[in-house]
Amino acid sequence: MILITGGAGYIGAHVNKELHNEGYDTVVLDNLSSGHKYAVNWGEFREGDISNINFIDSIFNEFDIEGVMHFAAFTSVGESVKYPAKYFKNNYKNTLNLLKVMRENNVNKFIFSSTASVYGIPKNIPITENDILNPINPYGKSKLMVELALERELKLNPNNFKYSALRYFNASGADIDCDIGEDHNPETHLIPLILDVAMGKRDKIKIFGDDYNTPDGTCIRDYIHVKDIAQGHIKAFEYLNSFDNLDSNSNPNTNSNSNLNSLTNIFNLGNGNGFSVKEVIETCEKITGEEIKKEVVDRREGDPSILIADSKRAFDILNWDPEYSDLEKIVETSWNWHKKCFK
Ligand code: UDP
């Protein structure tokens, strides 16, 4: 059984579905503060909060957990700037609870939902896992602190603990069968906001700055389909499993004395293609057949101009092969979901 914390949220729910499709049993733990009960259509569900150690422990007592995929976290960059303590407590401190209960219950496999935000303003494009880690907002810092905690955990338990941290770029798109998709409240992400305009639920999309050093002046991001991200988790889990039958010193977390970036269990998940805000708007116009009203406003604080992943490590080591790398396909799945969910 795999425990999915935050499995009622956008990415966690897609991972739950993919795991189910591949024959895994799952239990979802979620406090439903931002996730949705309707999104937990597969496996078991227990409602509760990872701040409560007894609650986490009760799940490990009830189920035979072989590994944990950890998504339960606050994810809004803007909110993290306003309420940093909330982010450090939930994203970092509460994750320590989870790791403690895992250790006590002898559960040793952990897949962590990390983020490209750990890089801050990157030095090189595309960004490799070896780039400097310098997050510029509390959200990214809280995620990096967990990566460091995982490294510490490995030092405590080098022969057994195995983990992988997946640094996603811009998660987007929706389930191909339209069962689940993006449903944040409030919504802050570019594609669903543009689709709101296409549906007449919003007047216009605000473009946060067109004076960046990019060909059309707007920020460039690497949009990666949520189903491909979900597949990345399964591949990472299988990768950890592949060390099970080797001798006890084998561990994918190769060298516990090296710094985070040289570990081969940390993977970027992105397509390696960048699209500007204006290009995303044009693609949404093409897919929806609607003209999108737009207005250029000031830059949003903390936005790097270009974020594009180098995911070679995930391709080579995990055999990860994104299927929905075409932006039109990504937007098409979002649009199908958007029409169904927000009609
Ligand atoms: N963006 C924008 N208008 C919006 C929301 C986002 O111009 O209403 C831009 C944002 O500045 C960034 C890109 O769209 O360059 C993607 O932003 P999003 O919030 O979707 O993801 P992030 O890159 O912050 O993870």
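The values are calculated or read from the model by the stated rules, or taken from the named source; none is laboratory data. Here the structure is a predicted model, which is why all the values come from computation and not from measurement. Cβ: placed from backbone, ideal geometry, glycine included. Neighbour counts: every protein chain shown. Surface accessibility is based on the protein's heavy atoms, side chains included, excluding ligands, DNA and RNA. Shrake-Rupley method; radii C 1.70, N 1.55, O 1.52, S 1.80 Å.
Miscellaneous remarks
- Residues that are open to solvent by 20 Å² or more (accessible area, probe 1.4 Å) and either polar (S, T, N, Q) or under 19 Å from the mean Cα position of the chain (by Cα) (or both) within segment 98-108 comprise N105, N106, N108, listed in sequence order.
- Filter pass, S33 being among the hydroxyl-bearing types (S, T, Y), open to solvent by 60 Å² or more (accessible area, probe 1.4 Å), farther than 22 Å from L166 by Cβ and assigned to a loop (DSSP other than H, G, I, E, B): yes
- Checklist (1) modelled with pLDDT of 95 or more; (2) open to solvent by 40 Å² or more (accessible area, probe 1.4 Å) applied to I136, failing item: (1)
- Residue count for segment 174-227 under the criterion of being in contact with a strand residue (DSSP E or B) (Cβ under 7 Å, 6 or more places away or on another chain), open to solvent by less than 10 Å² (accessible area, probe 1.4 Å), more than 9 Å from the ligand (Cβ to nearest atom) and part of a helix (DSSP H, G or I): the result is 1.
- When G78, G23, G9 are checked against the criterion of being surrounded by 15 or more Cβ atoms within 10 Å (Cβ to Cβ) and among the small types (G, A, S), G9 stands alone in meeting it.
- Whichever residue in segment 42-59 is surrounded by fewer than 23 Cβ atoms within 10 Å (Cβ to Cβ) and under 20 Å from the mean Cα position of the chain (by Cα) and, among such residues, is nearest to N94 (Cα to Cα): D49
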